[in-house]
Ligand code: MAV
């Protein structure tokens, strides 16, 4: 009987090895949004391109609407190699694992879309990618993003005086809080899926975000006042868990890298082009009221020393200089 059990076990092992080696790879992705958001569209494009460039069998299982949590959860998953294999997320949500990565999406880093585009089309950010891979085991395969972030609040904020002490939510990276603190606001780090409630209950009076996400998650319902501070043009890497990536056949890895680059470019074009359109749609629908911020130029002077100090602390003074000089 022992012999039969051993035999069955052996057949099982041989069979399962065979099955895993011939069956399709399934890669799971996650999006906090529905299928209309640019991040979701970019990840769908990414999957299509991988299928086009890879001869073997690969399937994608993209979970939408925050079914698997928010970006802060995704980062942990990617780092541990569990639950998901890839996603798109904000560098500032990865600070816990790689302190230098939030330099990429630090407010007031880019002068305009041209500057942002030139930086993202170069390999100037490579040292940050390296740190992310070494410390977080997260691989960047492309860059999406392209939305412009503005303040969003329950009451209008149009000048320095109104900004003073404004209780607002920021992303988890310390540099985010430091920057908004430097311009007089009173920032606190709150998870993205708690923001709507926190504004509704008056715990905070607003936050900052880009049009695509404001519209998708209906944040205008609780914070209908948009102030055009245009403080960030988003950089949103398409990221893979190193643990998942290394297990894949080499040819699939190559297809993912090629597809990531192209899907990123697709996403950047789409989101930057639609940004103004989406803002206008929300204005026309009576969902938001947009106002200028009086004295925006002054904000730049106020944050520069904070940016410099952050860069010095992560040994990236030269890198920051290079980005500014681009
Ligand atoms: C927007 O939904 C996106 O930029 C996303 O990547 C961020 O994590 C989120 O805002 C946020 O502010 O946390």
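The values are calculated or read from the model by the stated rules, or taken from the named source; none is laboratory data. Here the structure is a predicted model, which means the values were calculated and not measured. Glycine also receives a Cβ, built like all others from the backbone with ideal geometry; neighbour counts cover every protein chain displayed.
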Which listed residue, of 61, 73, is within 14 Å of the ligand (Cβ to nearest atom), free of Cβ contacts under 8 Å to residues at least 40 places away in the same chain and farther than 22 Å from residue 268 by Cα: 73
Qualifying positions in region 201-215 - within 13 Å of residue 147 (Cα to Cα) and more than 15 Å from the chain's Cα centre (by Cα): 215
Flag if residue 157 is farther than 20 Å from residue 236 by Cα and either surrounded by fewer than 24 Cβ atoms within 10 Å (Cβ to Cβ) or more than 12 Å from the ligand (Cβ to nearest atom) (or both): yes
Residue among 47, 9 that alone is modelled with pLDDT under 95 and either under 27 Å from residue 275 (Cα atoms) or surrounded by fewer than 16 Cβ atoms within 10 Å (Cβ to Cβ) (or both): 9
Subset tally (residues that are surrounded by fewer than 16 Cβ atoms within 10 Å (Cβ to Cβ) and either within 16 Å of the ligand (Cβ to nearest atom) or within 15 Å of residue 187 (Cα to Cα) (or both)) for region 161-171: 2
Cβ pairs under 8 Å, 6+ apart, first in region 248-261 and free of Cβ contacts under 8 Å to residues at least 12 places away in the same chain, second part of a helix (DSSP H, G or I) and buried (at least 20 other Cβ atoms within 10 Å of the Cβ): 253/245
Of all residues in region 205-223 being assigned to a loop (DSSP other than H, G, I, E, B) and in contact with a helix residue (DSSP H, G or I) (Cβ under 6 Å, 6 or more places away or on another chain), the one that is nearest to the ligand (Cβ to nearest atom): 223
